[in-house]
Amino acid sequence: MKRRSTFLMIVLGFGFAFFYIPILSMIVYSFNASRLATVWGGFSTKWYVSLLSNDKVIDALFLSLKIAVISATVATILGTMAGIALARFTKFRGRVLFSGLVTAPLIMPEVITGISSLIFFILMADWVGWPGARGFSTITLAHITFSMVFVTTIVQARMIQSDRAIEEAAMDLGSRPWQVMFDITLPVISPAIMSGWLLAFTISLDDVVITSFTTGPGSTTLPLLIWSKVKLGVTPDINALATLMVLTVGAGVVAAGIIMTRAERRRLADERMAFRNND
């Protein structure tokens, strides 16, 4: 048993090293004074200064954040409704088709999703005149379609694990269905909803494949800008930009984890208090 645990710890250590050593090396070399990304020339923060004064990078960053926030919010709303429907209503006409349509982008390659989105927008432009040009709206719609799948999967799994007896007890005590939804169901699955929003936000923020098919002139997102720069060679300013993205996403994940942990503890405390009062 001890040998097995030692082996698992070694494998776990190699796994963490494989994932995080490249990220740590990128962060270290973002403070490199040399113009060569892989040759250390001393400690310097000049690449962060030049990065923050680059208008193209700032514009691409704000565009990516705007798209990510909107697409994650809409995807979370739609995905939550779809997840609740699939978990609570196990039998309705067209459920298999609906489930297949919802989860299809999850197993479909991003290239196929990008091409199909591009063809759809071209056909819509020919039929109804919208969109006039591909850009912010087309990217946002494509991201909503793709990221909604992940929110649906997370919410559905949380709904299946939740205790339905609490909702039934509230209905027996006279609560309306919409009251049960807002007072019990949504608070119970709120950690899953927040996790789905964070995942949808991250997917939208760093997407390259789908965005490259649905974007147009003047709508360059941050991942596309980084990709175009990397083609010419990795420079320390790219390392600095990637470091800022890693720190931002990491801070958001930590903050969300703290909030969800506190919310879960509060919910469990309320349940214990409710059971005590009933006894």
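The values are calculated or read from the model by the stated rules, or taken from the named source; none is laboratory data. Values in this document were obtained by computation on a predicted structure and should not be read as measured data. Quick reminder, even Gly has a Cβ in these numbers, built from the backbone with ideal geometry, and neighbours come from all protein chains shown.
Yes or no: the stretch 79-100 includes at least one residue that is under 16 Å from residue 141 (Cβ atoms) and either loosely packed, with under 13 Cβ neighbours inside 10 Å or of a type outside the set (D, E, K, R) (or both). Yes, the stretch 79-100 contains a residue that is under 16 Å from residue 141 (Cβ atoms) and either loosely packed, with under 13 Cβ neighbours inside 10 Å or of a type outside the set (D, E, K, R) (or both). Please indicate, with yes or no, whether at least one residue in the stretch 103-118 is among the acidic types (Asp, Glu) and loosely packed, with under 15 Cβ neighbours inside 10 Å. Looking through the stretch 103-118, none of the residues is among the acidic types (Asp, Glu) and loosely packed, with under 15 Cβ neighbours inside 10 Å. Selection within the stretch 127-144: residues that are part of a loop (DSSP other than H, G, I, E, B), touching a residue at least 60 places away in the same chain (Cβ under 8 Å) and not hydrophobic (A, V, I, L, M, F, W, C). The member of this set that is surrounded by the fewest Cβ atoms within 10 Å (Cβ to Cβ) is 135.
Residue 175 meets all of the listed conditions (1) outside any helix (DSSP H, G or I); (2) more than 25 Å from residue 109 (Cα to Cα); (3) in contact with a Gly (Cβ under 9 Å, 6 or more places away or on another chain) but one, namely (3). A single entry from 97, 101, 63, 51 fulfils the requirement of being modelled with pLDDT of 90 or more and part of a helix (DSSP H, G or I): 63. Residue count for the stretch 108-126, restricted to those that are touching a residue at least 40 places away in the same chain (Cβ under 8 Å) and over 23 Å from the mean Cα position of the chain (by Cα): 1.
Taking helices (runs of 4 or more DSSP H) as the structural unit, those lying wholly within the stretch 187-279 and holding at least 3 residues that are among the β-branched types (Val, Ile, Thr) and under 19 Å from the mean Cα position of the chain (by Cα) correspond to 209-214, 236-278. Within the stretch 213-238, the set of residues being under 27 Å from residue 53 (Cβ atoms), of a type in the set (S, T, N, Q) and modelled with pLDDT of 85 or more comprises 215, 219, 220, 221.
Among residues of the stretch 238-264 that are touching a residue at least 40 places away in the same chain (Cβ under 8 Å) and under 13 Å from residue 223 (Cα atoms), those with a Cβ under 9 angstrom from a residue that is surrounded by 15 or more Cβ atoms within 10 Å (Cβ to Cβ) and of a type in the set (Lys, Arg), sequence gap 6+ or separate chain, pair up as 238/229; 241/229.
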